[in-house]
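The values are calculated or read from the model by the stated rules, or taken from the named source; none is laboratory data. The structure presented is a predicted model; accordingly, all values stated were derived computationally and were not measured. Positions of Cβ are generated from backbone atoms using ideal geometry, with glycine treated the same way; all protein chains shown enter the neighbour counts.
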Amino acid sequence: MRWRSHSGLSDPGSPALSRIWSATYFWDYATDQENPIKAIIYHEYGSPDVLELQDIEKPGVEDDDVLVRVHAASVNPYDWHWITGLRHSVRHNARSGENGAEGALPTTDTQPYEPWSQRRRATASLLVVALLVIGGLGRHFAVEGTDSALLRWLPWFSRETVTLFFGDEGGDYLVPVSRTVSRGQATPEQLVDALLAGPDNGTGLINLIPEGTVARSVSIDEGLLAVDLGGSYGSEARPLAHEAVYQSMRLWPGVGEVLVSVEGVPLVTNTSGHLLYYYNEPGDMLVAMPTSWVRPADVLAAWLEGPANPGLIGLPSDVESLGVELATNELLTLRFTFRESVRDFASDHPESVHRVLEGLIATFNTGFPEVGAVLLDFEGRNALGLGQCANLLNTAQLMPEVLNDERLLSRYAVAA
């Protein structure tokens, strides 16, 4: 026998009945005006004040029917949702009931309040507008690039990353420090001033430029950045001071050549402009050492020889070069043998091997203007060790924007 809820039944052949608050179940009913029964009904959504106690038609009983008398019925949270009209599914059924759908909620002239539908429509409208704005900005930036006037106007995009070279605690190595500055401070003049001011306190680094050094002039013309220093620079500069000035200037966007002079006299140095980057595990930072080699193959051979200082880390000593290839699209491919020592190194020290490869990439991305990207190939391996460094292998790697984040260096120094 099928059972149907009294609360969800309307007669398609008669005027729509209002919602009846009852838990009585029956098979069907017949009109019986002489024997009405009491029921609580409501004709509109709202507070409990909309409920009314009225007489309704008593269900009729025919063959194979059962009529159940209910003495009490519980009032559940679902019933209160029905009264208030706050449930979307209830309102949807109510609207469909106007067309006589069986099991629907008939209503009178009062239109149910639909706050959730309104919120959803408003949210959908905002999402559409946001997508249009984001799409327009993305297209604009894709066409205009980082030189976009709109990009410079937006405050959250009005910052740039610059790299300055300071010294380690003993003054033996160059330490590239990436610092985020506002676009107003991202000028060659401000770059020189920041270099002369030295590293932030707490990084454990030193300023290789002697105190009392002044910048007499800074200019850039057709890719040539000229810096004229004065004060105490000439007589008291550390051995790596010239390299620190040169390397800090040459990484400036659009610079192809750097000319450093002291009191108007060009400074003669034996720098090749190339640096070998290794990982300093105790300090958790990349450090750089100048090299006199100028060809990529020679620079790679010097890098594979490894640093003399045991505190600096490169690849295992049994790793050999299988070739260096510079394509016409400025992609430099470096091929290496894959040894068990490499797999063990990657498995035992995953973070260290990642930083070592970042130093290898920086060695060629920062030292050769003709190199636009570097590809590392260890005999076709897609990863080192147990999946380590998969993101650095067999894909073109651009110049890292951040070599050593100055804020992290400060945090490490404080923790140490």
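Since Ser352 meets every condition but one in (1) assigned to a loop (DSSP other than H, G, I, E, B); (2) within 31 Å of the chain's Cα centre (by Cα); (3) not hydrophobic (A, V, I, L, M, F, W, C), which condition does it not meet? All conditions are met except number (1).
Residues that are in a loop (DSSP other than H, G, I, E, B), surrounded by fewer than 17 Cβ atoms within 10 Å (Cβ to Cβ) and touching a strand residue (DSSP E or B) at 6+ places or on another chain (Cβ under 6 Å) within segment 172-220 comprise just one, Gly212. Pick from segment 313-326 the residues that are under 17 Å from Leu276 (Cα atoms) and touching a residue at least 40 places away in the same chain (Cβ under 8 Å): which of them is surrounded by the fewest Cβ atoms within 10 Å (Cβ to Cβ)? This residue is Gly314.
State which residue is modelled with the highest pLDDT when the search covers only segment 391-411 and only residues that are out of contact with any strand residue (DSSP E or B) (no Cβ under 8 Å at 6 or more places or on another chain) and not in a loop (DSSP other than H, G, I, E, B). Checked segment 391-411; the qualifying residue modelled with the highest pLDDT is Asn391.
Would you confirm whether or not segment 225-232 contains a residue that is in contact (Cβ under 8 Å) with a residue 12 or more places away in the chain, of a type in the set (Asp, Glu), assigned to a strand (DSSP E or B) and closer than 20 Å to Val268 by Cβ? For segment 225-232, residues in contact (Cβ under 8 Å) with a residue 12 or more places away in the chain, of a type in the set (Asp, Glu), assigned to a strand (DSSP E or B) and closer than 20 Å to Val268 by Cβ: present.
Pairs are defined by a Cβ separation below 6 Å, a sequence spacing of at least 6 or placement on different chains, a first member in segment 170-199 that is within 23 Å of Thr363 (Cα to Cα), and a second member that is among the charged types (D, E, K, R) and in a helix (DSSP H, G or I); the pairs so defined are Val177/Glu406; Arg179/Glu406.
Residues in segment 363-389 that are over 20 Å from Gly254 (Cβ atoms), of a type in the set (Gly, Ala, Ser) and modelled with pLDDT of 90 or more: Gly380, Ala383.
The rows are residues; the columns are (1) in contact with a His (Cβ under 7 Å, 6 or more places away or on another chain); (2) assigned to a loop (DSSP other than H, G, I, E, B).
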site: Tyr277; (1), (2): no, no
site: Pro282; (1), (2): no, yes
site: Val294; (1), (2): yes, yes
site: Asn309; (1), (2): no, yes
site: Asp318; (1), (2): no, yes
site: Phe338; (1), (2): no, yes
site: Phe345; (1), (2): no, no
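Just one of the listed residues (Leu332, Leu376) is of a type outside the set (Val, Ile, Thr), outside any helix (DSSP H, G or I), surrounded by 17 or more Cβ atoms within 10 Å (Cβ to Cβ) and in contact with an Asp or Glu (Cβ under 8 Å, 6 or more places away or on another chain), namely Leu332.
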